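A short write-up of the structure that comes next.
The values are calculated or read from the model by the stated rules, or taken from the named source; none is laboratory data. Source: prediction; values computed, not measured. Methodologically, a virtual Cβ is constructed for each residue, glycine included, from the backbone with ideal geometry; neighbour enumeration extends over all protein chains shown.
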Amino acid sequence: MTASEGRSGLAVSGLTVKYGGVVANNDVSLRVQPGRVSGLIGPNGAGKTTFVDAVSGFAASTGSVTLDGRRIDNLRPFRRCAAGLTRTWQSGELFSNLTVTENVLVASTPGGLGALVRDVFERRRRSRPERVDRVLELMGLSDRAEVVAGQLPLGQQKLVGVARALAGHCSVVLLDEPAAGLDNDESEELRARLRDVAAAGIGVLLIDHDMSLVVDVCDSVDVMQFGSIIFSGPPKEALSDDAVVEAYLGAPLEASHE
């Protein structure tokens with residue numbers, strides 16, 4: 001996997017997104033450092049997904065987006081991905097009739113699905129690239145490599161989605177609610193895998209409503225309300241911050257992990 005030496009991660013400064021007269025993101029700045037998990041939380045409609053869309057190039061914005069010291073905010077989405085910034089989506093994006101390996105190969109093969117299909121029908125496919133094997137191992141999917149993705153339980157499908165995001169040249173990955181719909185065991189498995197991803201030197205931005213997951217796995221957290229950041233700091237401090245409690249939590253929470 002990608003090593004963190006010589007990398008500075010993701011730096012977003014003054015990012016603003018407007019839809020007509022509506023300000024969806026207002027002067028947002030945050031960092032995602034190599035080998036660390038940063039959280040972005042807040043109530044529904046706060047602008048978290050809009051932020052990810054803007055950073056990854058799918059929504060027009062002002063401000064700067066810098067990846068490993070290089071400005072990328074003028075690049076199209078596929079160019080940002082090629083530079084090392086990848087993401088997942090809230091909705092399932094897997095090819096349910098392809099195997100786990102084939103799903104990951106789509107993300108790592110130049111030309112994407114079309115090239116993969118041509119390889120299948122022209123019988124020119126080689127053995128799995130070493131990088132795909134490493135990603136599957138990192139996400140605990142090596143023994144599910146030839147299983148059709150649509151036959152997997154939801155938790156493992158979510159892990160396949162993360163594996164796809166990591167399959168290319170990945171420096172920072174943006175995860176948009178990967179724990180949505182997971183039960184406790186599946187959430188615990190995701191928690192362990194996110195630690196492994198960070199340990200591999202990749203920067204992770206985690207957006208999720210599972211506060212137990214966020215507190216346990218994140219090194220820092222930013223809280224968003226009405227498109228603006230209202231708190232930045234350690235996750236456990238966010239649980240009792242007055243502004244965060246009022247905007248999002250409703251009542252102070254105790255951290256479930258020490």
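Here's a check for you: in segment 121-135, which residue that is modelled with pLDDT of 50 or more and in a helix (DSSP H, G or I) is surrounded by the most Cβ atoms within 10 Å (Cβ to Cβ)?
Looking at residues that are modelled with pLDDT of 50 or more and in a helix (DSSP H, G or I), I get Val135.
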Inset, instruction - Working carefully through the options Ala192, Ala180, Ala247, find the one that is hydrophobic (A, V, I, L, M, F, W, C), modelled with pLDDT of 95 or more and surrounded by fewer than 20 Cβ atoms within 10 Å (Cβ to Cβ). - result: Ala192
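Sort through Leu159, Leu138 and tell me the only one that's buried (at least 22 other Cβ atoms within 10 Å of the Cβ) and not small (Gly, Ala, Ser).
Leu159
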Legend entry - Filtered residues of segment 19-32 (kept if surrounded by fewer than 15 Cβ atoms within 10 Å (Cβ to Cβ) and in a strand (DSSP E or B)): Tyr19, Val22, Asp27, Ser29
Legend entry - Residue ID - nearest to Leu152 (Cα to Cα), chosen from residues in segment 60-96 that are at pLDDT below 95 and of a type in the set (Ser, Thr, Tyr): Ser96
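In segment 75-100, how many are out of contact with any Cys (no Cβ under 7 Å at 6 or more places or on another chain) and not in a loop (DSSP other than H, G, I, E, B)? Walk me through it before giving the result.
So in segment 75-100, the residues out of contact with any Cys (no Cβ under 7 Å at 6 or more places or on another chain) come out as 75-83, 85, 87-100.
From what is left, the residues that are not in a loop (DSSP other than H, G, I, E, B) are 77-83, 85, 87, 99-100.
Number satisfying all stated conditions: 11.
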Inset, instruction - Restricting attention to segment 167-181, report how many residues are within 21 Å of Ala145 (Cα to Cα) and of a type in the set (A, V, I, L, M, F, W, C). - result: 2
Legend entry - Those residues of segment 25-44 which are of a type in the set (Gly, Ala, Ser) and within 17 Å of Tyr248 (Cα to Cα), in sequence order: Gly39, Gly42
Inset, instruction - Kindly indicate whether any position in segment 50-72 is part of a loop (DSSP other than H, G, I, E, B), under 29 Å from Ser212 (Cα atoms) and out of contact with any helix residue (DSSP H, G or I) (no Cβ under 9 Å at 6 or more places or on another chain). - result: no
Inset, instruction - State all residues of segment 97-108 that are more than 20 Å from the chain's Cα centre (by Cα) and either modelled with pLDDT under 90 or closer than 22 Å to Ala82 by Cα (or both); if no residue qualifies, say none. - result: Glu102
